[in-house]
Amino acid sequence: MKIVALLTGRGNNTMKDKNVRTVLGKPLLYYPAMAAKTCSLITDFYVSSDCDKILNAAEECGYKKIVRPAELAMPTAQHVDAITHALSVMKDDGVEPDILVVLLANSGIIKTEWIEESVQNLLKNPDLSASCPVVLEMDNHPYRSKCLREDGCLGTWFDFKNRNISTNRQDLPMNFVLCHNFWTLNLKNSLYEEEEGQQPWTFMGNNIKPIVVKESFDVHDEEDIIRTEKWLQEEAISYE
């Protein structure tokens, strides 16, 4: 099985240059890049971006550059389109992955062992389409969330007719939120599968094995940079 890492990040963000902002003396993308780089199961490493700063910083971590077309770097662009473009470039380079680890450049909340576990999940079970970290989230459970009705009042997202939904979160079915740090794909069962996958990340397919973690967040503002540094220090994450 050919296992490849793809680091993704675009330069057009509301927080300027956030993917290369300094975090404990390193650019933010260094942490996801090195988490994958130190995974012995991965053999090839690529970075897709429209931004020279991102491409150059990733190259210093041992990643081959894929220059993303401008139309795939807009805020309205879909992640799957950037992934598909990168795979076509890899093919031209003679690299055709069976398993693709998609890393997001704006999250430092990632561990090598999480990546290794996700890959092992796919190797052990060929029916899986993907494996990725998730966080158990019961406070903001979909059964407790509200939509806005046409009359301006709150409504429920689901039809609860003839059902009694507990107001106690511990009584509700477990609710998991996908992390935005990395996704590991069995391409045959996910992106290359004819059957559409689960919305909204259809490229992940329909058989996604979770890796439950305590915390995950990506960087949107200065406070997130501080939180990331604190997490890295508490978890003793270092690649020196």
Filtering segment 131-184 down to residues that are hydroxyl-bearing (S, T, Y) and either open to solvent by 50 Å² or more (accessible area, probe 1.4 Å) or in a strand (DSSP E or B) (or both) yields S131, Y143, T156, T167, T184
Might you let me know whether segment 15-35 holds any residue that is farther than 17 Å from I110 by Cα, open to solvent by less than 30 Å² (accessible area, probe 1.4 Å) and aliphatic (A, V, I, L, M)? yes
When the residues of segment 73-90 are filtered to those that are modelled with pLDDT under 90 and among the hydrophobic types (A, V, I, L, M, F, W, C), which remaining residue is least open to solvent (accessible area, probe 1.4 Å)? A73
Give me the residue from segment 91-122 that is over 16 Å from Y30 (Cα atoms) and among the polar types (S, T, N, Q) and, out of that set, surrounded by the fewest Cβ atoms within 10 Å (Cβ to Cβ). Q120
Residue that is surrounded by the most Cβ atoms within 10 Å (Cβ to Cβ) [pool: residues in segment 50-66 that are in contact (Cβ under 8 Å) with a residue 12 or more places away in the chain and under 24 Å from W114 (Cα atoms)]: A58
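The values are calculated or read from the model by the stated rules, or taken from the named source; none is laboratory data. Quantities reported herein were computed from a predicted structural model and do not represent experimental measurements. Every residue, glycine among them, receives a Cβ derived from its backbone with ideal geometry; neighbour counts consider all protein chains shown. Side chains included, ligands, DNA and RNA excluded: accessible areas come from the protein's heavy atoms. Shrake-Rupley method; radii C 1.70, N 1.55, O 1.52, S 1.80 Å.
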